[in-house]
1. How high is the FRET efficiency between Arg56 and Asp80 when r is their beta carbon distance and R₀ equals 22 Å, given to the nearest 0.05?
2. Between Ser21 and Val37, what length comes free when the chain is fully extended (0.36 nm per residue of separation minus the Cα-Cα distance, one decimal in nm)?
3. Return one number: the angle in degrees, 0 to 90 and rounded to the nearest 10, between the long axis of the Cα atoms of helix 59-75 and the longest principal axis of the Cα atoms of the chain.
4. Heavy atoms only, probe 1.4 Å: what % of the accessible area of the chain goes to carbon and sulfur, would you let me know?
5. Considering every pair of different Cα atoms, what Kirkwood radius, in Å, is found for the chain?
6. Please calculate how many Å² of accessible area the chain carries per residue, with a 1.4 Å probe and no DNA, RNA or ligand atoms counted.
7. With springs connecting C-alpha atoms under 10 Å apart, model the chain as a Gaussian network and identify which of Arg27, Arg56, Arg64 has the largest mean-square fluctuation.
8. Could you run the Karplus curve 6.51 cos²θ - 1.76 cosθ + 1.60 with θ = phi - 60° over segment 17-24 and give me ³J(HN,Hα) per residue in whole Hz, x for Gly and Pro?
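The values are calculated or read from the model by the stated rules, or taken from the named source; none is laboratory data. This one's a predicted model, so the numbers in the text were calculated from it and none came from an experiment. Please note: Cβ atoms are built from the backbone with ideal geometry, for glycine as well, and neighbour counts cover all protein chains shown. All accessible areas refer to the heavy atoms of the entire protein, side chains included, with ligands and DNA or RNA removed. Shrake-Rupley method; radii C 1.70, N 1.55, O 1.52, S 1.80 Å.
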Amino acid sequence: MTMKKIVVTTATVVGKSRPLSADDLARACGEEVEWVVRLVEVGIVNASGPRPAEWRFYSADLQRALDARRLVRDYGAGLDAAALILDLSQEVRRLKAQLRALGLEDK
């Protein structure tokens, strides 16, 4: 008799009408809310509101948080370094897009 492997996956739709709470963002990254607070402190994600229970996050925040988690896990980067790496990567993408728009992209 062969046993079948069953994988259960859940998904959450993130959008303007369905933002993530700090707890949701932490859970999506496999972390604690305190980690999300630290992400806000170093500028990896933006939050408005006086306390974490009122913060809301969107898909771009989730992507940056996951990218930061990967940098910390895979490369041993601290969150301050991860913030810098993410900001510089975003700026490089923006500049490359400008070059493409001007037809000056190096091939």
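1. It comes out at approximately 0.35.
2. 4.6 nm
3. It works out to around 90 degrees.
4. 54 percent
5. After inverting the pairwise mean of 1/r, the radius is 15.8 Å.
6. 76 Å²
7. Ranking Arg27, Arg56, Arg64 by mean-square fluctuation puts Arg27 first.
8. 8, 9, x, 8, 7, 4, 5, 4
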